[in-house]
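Here is the structure we will look at, set down as structure tokens.
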């Protein structure tokens with residue numbers, strides 16, 4: 001499925017929790033980050049979303065699975081104007097983080113910076129450690145989503161509602177999964193998001 005804008009909007013996230021996450025982004029360093037906890041680089045288009053609740057809600061989902069999230073838009077160690085130092089720090093963090101997730105809204109897909117970050121992730125991560133989070137505008141059909149080509153080459157985050165079945169006939173439990181691109185035989189391989197986040 002392609003998530004509609006607002007799917008991850010969170011009303012329950014504690015203000016203290018998101019402030020803690022943002023403070024950790026501001027001080028994130030490969031020298032200080034814990035090595036026993038999965039770290040996720042979350043790429044997104046700055047000021048892209050209608051409000052910050054979408055971003056907060058997805059961060060909440062990731063942190064509920066015991067990971068630490070780096071968000072470059074919240075990193076106050078970056079220069080206020082984009083420079084070579086900005087790019088070098090971003091490269092360092094992407095290389096260090098265990099996982100790379102692109103919050104792929106229409107604007108993020110058109111963003112030079114987000115595509116550059118994805119390219120860095122592609123170079124430094126095995127494909128199994130990259131995932132696309134596809135988000136379309138409200139009211140759009142999946143076919144109108146501008147990032148469908150991304151979903152043909154990268155794993156994506158998806159949601160199962162508990163009605164679909166594995167090939168052996170067992171129901172797929174409701175929840176979030178990472179889905180690999182379909183094989184030539186149209187087979188879909190899925191991994192629970194919690195399992196994917198823990199894999200190194």
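Values in this text are rule-based calculations from the coordinates and carry no lab data. It should be emphasised that the depicted structure is a prediction, and the values quoted were computed from it without experimental measurement. Note that we place each Cβ from the backbone using ideal geometry, even for glycine, and neighbour counts take in every protein chain shown.
Can you tell me how the range 86-200 classifies by the Cα gyration tensor, rounded, prolate or oblate, using a/c under 1.5 as the rounded cut? Verdict is oblate for the range 86-200.
For a quick protection proxy, order the peptides 167-180, 148-161 by their average other-Cβ count within 10 Å, most packed first. Please list the in-between numbers first.
Numbers: 167-180: 13.1, 148-161: 16.2.
Taking the mean over residues of other Cβ atoms within 10 Å, the ranking is 148-161, 167-180.
Sorting 165, 107, 198 by the number of Cβ atoms found within 10 Å of their own Cβ, with the fewest placed first, yields 165, 198, 107. For residue 122 and residue 37, the FRET efficiency from 1/(1 + (r/R0)^6), where r spans their Cβ atoms and R0 equals 35 Å, is about 0.90. Length gained on full extension, residue 138 to residue 180, computed as 0.36 nm times the residue gap minus the Cα-Cα distance: 12.6 nm. Multiplying the residue separation of residue 194 and residue 159 by 0.36 nm and subtracting their alpha-carbon distance yields 11.4 nm.
At a 10 Å Cβ-Cβ cut-off, how would you order 143, 4, fewest neighbours first? Before the final figure, lay out the partial values.
On the way: 143 8, 4 14.
If I rank by nearby Cβ atoms, fewest first, I get 143, 4.
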